[in-house]
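Single-structure report; data block below.
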Amino acid sequence: MKKNRLTGKKCEKRGTGKFICFLAAMLLLGGCGQADGAKTNGGITAGTDINVKEQESEPEAASGEALSVQEIYDLVTESVTLISPVIMQDNFIENYYNIDPALLEEYVFSMSEEATSAETVVIMKLKDKADADTISAALQLVIEEKSGEMENYLPGQYDIVKKSAVKTEGSYVYLVISEQADAIEKIIEAQL
């Protein structure tokens, strides 16, 4: 038996090795737990530094500054259950709806992954308010396309699409196609 250098007590070599392995495993598991709780943005996991910045920005938003488009969308998803939402990226909105991402300061373009649901939530902040008509026209195309997809196959979804409208508020343009459109629009409007 050897003496432990830190405590001066005698201990077996195997016991110390097991303790060190246990300690290393706990440290590794603790790091994994932190990664699991990290937020994701566009498939990229945000680390601790980003989470700290988000926490720092929350009081500013509470003091009257506008929330980011992503934060508004997060409020929507916390309050309303969306049907299999998938966030669309630059190449999708540009190729399918002719929306130039260069005109946007930030955006969230969420569509249901379910073929039987027309649910769509789009919130876009423009770099220049002068582009509002261009973006509104592109989002009107979303309504027309969804309407065409649903008209003969899913009349209930078609009715939901027909009730939707593109809305503009300052430098924001948004579109909500959902059974819960009223609740979602109230959340968005409260933050603009």
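The values are calculated or read from the model by the stated rules, or taken from the named source; none is laboratory data. Remember, predicted model here, so these are calculated numbers, not experimental data. Only protein heavy atoms, including side chains, enter the accessible area calculation; ligands, DNA and RNA are left aside. Shrake-Rupley method; radii C 1.70, N 1.55, O 1.52, S 1.80 Å.
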Residue match in region 162-184 (condition: open to solvent by 70 Å² or more (accessible area, probe 1.4 Å) and assigned to a loop (DSSP other than H, G, I, E, B)): yes
Every residue from region 79-94 that is outside any loop (DSSP other than H, G, I, E, B) and open to solvent by less than 40 Å² (accessible area, probe 1.4 Å): Ile93
Test: residue in region 129-144 that is open to solvent by less than 20 Å² (accessible area, probe 1.4 Å), charged (D, E, K, R), closer than 24 Å to Glu94 by Cα and in a helix (DSSP H, G or I): no
Ser112 vs. criteria hydroxyl-bearing (Ser, Thr, Tyr) and either modelled with pLDDT of 95 or more or open to solvent by less than 30 Å² (accessible area, probe 1.4 Å) (or both): yes
